[in-house]
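**Q** Quick one: this structure, given as structure tokens, is what I'll be asking you about.
Derivation of every value follows stated rules applied to the coordinates shown; laboratory data play no part. Fair warning: this is a prediction, and the values are worked out from it, not measured in the lab. As a convention, Cβ positions derive from the backbone with ideal geometry for all residues, glycine included, and neighbour counts pool all protein chains shown.
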Amino acid sequence: MVHRDFIGRYKGSLLGAFWPLINPIGHLILYTFLFSVVLKVKFGASDSTGNFALYLMAGLLPWSCLAEALSRSTTVILESPNLVKRVVFPLQILPVVLVISSLMSELVAFSILFVASVFALHTVHPTILFLPLIMVSQILFAGGLSCLLASLGVYIRDIRHIMALGLSAWMYATPIVYPATALPENLQFLIWINPMAGIVTDYRRVLLEGLAPNWPVYASYTAVAVIVWALGYGFFQKTKKSFADIM
């Protein structure tokens, strides 16, 4: 199902499977121009546009993966009425498929980031081996929210429109287009309560800075991810019995 979903999204389009590369590159160019060239935002000591682009892409990839999964999960049950009416079909697979499919898109785009970082940094940091640990937390967090939204989408049809606005606000509350150090002292707590802030920061640490994850922050967002997964999955399991009646 993951393969079918991943391929199906681009089937029939002119550029086909190139879209997982085109989308992040397009956003990268847009945000780099706006925030680096126009607003002069910089990461670390370097004020070069290339350095900004690397840090930006390292933040955009996990965020885009999450945002894609969440935005699609709000209608995933409504778009599968035939499967809902099959008593033996495990509906909980549907939001999970979206998360894994979105992760596949991220991994395709990650190849560009990896090549660009090797070219710019002239090295591959061994700390990249920590990346799977971060991704596990990311998948649990996205999976739990996707299950929750997939269920809510059946009962509250406006949820997809609410999520579109919510994701925009959430993105700018996450240090993606700006460094975490740019947050004022009184807002630094956002790093702890926003799991994506910690995930984005740790992506940059292990990929670009040669540092291990910030372990206290990692423990914090991983704990949140586990709780979100348990609550989201549990809520889905509890509510799925009435999907067929409502639809």
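**Q** Among the residues that make up segment 67-76, is at least one of them over 18 Å from GLY232 (Cβ atoms) and either free of Cβ contacts under 8 Å to residues at least 60 places away in the same chain or of a type in the set (Asp, Glu) (or both)?
**A** No, segment 67-76 has no match at all.
**Q** Just checking, does segment 103-116 include any residue being touching a residue at least 60 places away in the same chain (Cβ under 8 Å), closer than 30 Å to LEU165 by Cβ, surrounded by fewer than 21 Cβ atoms within 10 Å (Cβ to Cβ) and within 12 Å of the chain's Cα centre (by Cα)?
**A** yes
**Q** Considering only segment 195-215, state which residues are touching a Ser or Thr at 6+ places or on another chain (Cβ under 6 Å) and free of Cβ contacts under 8 Å to residues at least 40 places away in the same chain.
**A** Across segment 195-215, the qualifying residue is only ALA197.
**Q** If you don't mind, another one. Between a residue in segment 216-243 that is buried (at least 18 other Cβ atoms within 10 Å of the Cβ) and any residue that is charged (D, E, K, R) and part of a helix (DSSP H, G or I), which pairs come within a Cβ distance under 8 Å, given they are 6 or more apart or on different chains?
**A** Listed pairs, sorted by first residue: VAL217/ASP202; TYR218/ASP202.
**Q** Still on this structure, please answer the following. Scanning segment 170-198 for residues that are of a type in the set (Gly, Ala, Ser) and farther than 14 Å from SER64 by Cα, which turns out farthest from the chain's Cα centre (by Cα)?
**A** Per the criteria, the residue is ALA182.
**Q** Report yes if PHE130 is touching a Leu at 6+ places or on another chain (Cβ under 8 Å), part of a helix (DSSP H, G or I) and either farther than 19 Å from GLY198 by Cα or of a type in the set (Phe, Trp, Tyr) (or both), otherwise no.
**A** No: the conditions fail for PHE130.
**Q** Need a quick list: helices (runs of 4 or more DSSP H) entirely within segment 133-247 having at least 1 residues that are of a type in the set (Ser, Thr, Tyr).
**A** Passing ranges, in order: 159-172, 195-204, 215-239.
**Q** On the given criteria, is ARG72 basic (Lys, Arg) and surrounded by fewer than 16 Cβ atoms within 10 Å (Cβ to Cβ)?
**A** So ARG72 fails the test.
**Q** Still on this structure, I have one more. If you scan segment 199-247, which residues turn out to be among the polar types (S, T, N, Q) and more than 18 Å from the chain's Cα centre (by Cα)?
**A** Listed by number, the residues that qualify are ASN214, GLN237, THR239, SER242.
**Q** Which residues, counting only those in segment 28-71, are acidic (Asp, Glu) and part of a loop (DSSP other than H, G, I, E, B)?
**A** Passing the criteria: only ASP47.
**Q** Could you say whether any residue in segment 149-159 is in contact (Cβ under 8 Å) with a residue 12 or more places away in the chain, within 23 Å of HIS27 (Cβ to Cβ) and surrounded by 13 or more Cβ atoms within 10 Å (Cβ to Cβ)?
**A** Yes, segment 149-159 contains at least one residue that is in contact (Cβ under 8 Å) with a residue 12 or more places away in the chain, within 23 Å of HIS27 (Cβ to Cβ) and surrounded by 13 or more Cβ atoms within 10 Å (Cβ to Cβ).
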